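The values are calculated or read from the model by the stated rules, or taken from the named source; none is laboratory data. This one's a predicted model, so the numbers in the text were calculated from it and none came from an experiment. Cβ coordinates were reconstructed from backbone atoms using ideal geometry, including for glycine residues, and neighbour counts include every protein chain displayed.
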Amino acid sequence: MSDHTKITHLGRGDPSAEGAINPPIQRASTILFDRAEDLYATGPKRHYGTQGMTVHDSLCAVFCELEQANSVILANSGLTACTLPLLAICAAGDHVLLSDNIYGPTRRFCEGHLSRFGVETSYFDPGAADDIETLVKDNTKAIFMESPGSLTMEFTDITAVVEVAKRRKIWTLIDNTWGAAWFLKPLTMGVDFSIQAATKYPCGHSDVLLGTIAAGSKEGSKLLASYNRASGNFTAPDDAWLVLRGLRTMGTRLERQERVALNIAKWLSKRSEVALVLHPALPEHPDHELWKRDFSGSSGLFSLVLHPVEEPKVLAFLNALKIFGLGFSWGGYESLAVHCDPQLVRTAGSWHHTGPLIRLSIGLEDETDLIDDLTRGLAQL
């Protein structure tokens, strides 16, 4: 089946739904048993609400198929989905390698909190994956990629990283939120854990926080499940239900957002105020060939570099926008814009562009209206 068919039909048909298309929302902490003998019995029966209910199982089933995973665990946010597997993998004295374009809160977690447990963090240039073995240490336990980085749109050669990691017996993780398990299937490329902020494209409505961790092997599934039970991580059934409902239309939304985003990227590339458009489907993108090799398409998120201009003018550009909202996150039905320079942190490499970096998330509005809005903003420059 195609992914369009999978997200329409999978995760349905549980008897407790009584024929309803969508699974029920079961809010539960205590789960009752018929016999005292069953209280401590092992087996498939749930023992407590933190193990999830039918709606959690339904959502995991759909993600499992999309990611082509051995198992999927839900987390209460995209950030928790990033940090939980690192905590499951690492112990005092271990070393973690992060891509230098990694999600900022993941970087802060590793430097500010994982370090307190005696875990060392260092970084690699996302565009220099061929040299990653020179950065691997005897105590390296995990390599965490984000391809593309959600600010700078830099891609990593996933295959090159996996080849080194498999040979050195190192766990590999990737933030797959941009690819959404729709345009990229990292587990089929040998990555151990594919992580998503389902807050974004799967939910699609900017009203739920939820993350997913997909494990590619039984060994990875066992590692995650053990830590997940011990950590008390749990996702509310209402949130799981909302993401499952949003997921049903994700493919249709992504197709429109991909098309409109690419058209707007092409339009921006011809504007005199713009130095560079960072959209991987454009041939001039430095990682265009890598994107073509690994991805089946592009989402609605991309960035652009303006010609150098004073910050007050950048702020005037953003403030002039009437349709694009000013806010973090992305992947919802509304278009967003954000100034990225305050977020840029580089350790292993350098950001070579001197102009302001702007990120656009394209929603479901009319393409012409969005272009008119950007024209209004660019006039302030």
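Worth pointing out:
- Residue within region 259-267 that is closer than 25 Å to residue 147 by Cα, outside the structural domain of residue 20 (by TED's automatic domain parsing), among the basic types (Lys, Arg) and surrounded by 15 or more Cβ atoms within 10 Å (Cβ to Cβ) present: yes
- Residue within region 48-55 that is farther than 22 Å from residue 146 by Cβ, touching a Phe, Trp or Tyr at 6+ places or on another chain (Cβ under 6 Å) and polar (S, T, N, Q) present: yes
- Restricted to strands (runs of 3 or more DSSP E) entirely inside region 38-152, those with at least 2 residues that are of a type in the set (Gly, Ala, Ser) are 71-75.
- Each residue in region 119-144 was checked for being under 14 Å from residue 89 (Cα atoms) and touching a helix residue (DSSP H, G or I) at 6+ places or on another chain (Cβ under 8 Å), and 7 of them qualify.
- Cβ pairs under 6 Å, 6+ apart, first in region 217-244 and over 24 Å from residue 12 (Cβ atoms), second surrounded by fewer than 17 Cβ atoms within 10 Å (Cβ to Cβ): none
- Residues in region 159-176 that are assigned to a loop (DSSP other than H, G, I, E, B) and under 15 Å from residue 294 (Cβ atoms): 176 only.
Conditions tested, residue by residue: (1) modelled with pLDDT of 95 or more; (2) among the aliphatic types (A, V, I, L, M).
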| position | (1), (2) |
| --- | --- |
| 321 | yes, yes |
| 325 | yes, no |
| 342 | no, no |
| 347 | no, no |
| 354 | no, no |
| 365 | yes, no |
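- Single residue of 301, 344 found to be touching a strand residue (DSSP E or B) at 6+ places or on another chain (Cβ under 6 Å), more than 18 Å from residue 271 (Cα to Cα) and in contact (Cβ under 8 Å) with a residue 60 or more places away in the chain: 301
- With respect to (1) among the hydroxyl-bearing types (Ser, Thr, Tyr); (2) crowded, with 23+ Cβ neighbours inside 10 Å; (3) over 20 Å from the mean Cα position of the chain (by Cα), the lone exception for residue 156 is condition (3).
- Taking the criterion of being more than 16 Å from residue 165 (Cβ to Cβ) and either surrounded by fewer than 23 Cβ atoms within 10 Å (Cβ to Cβ) or in contact with a helix residue (DSSP H, G or I) (Cβ under 8 Å, 6 or more places away or on another chain) (or both), the residues of region 87-101 that qualify are 87, 88, 91, 92, 93.
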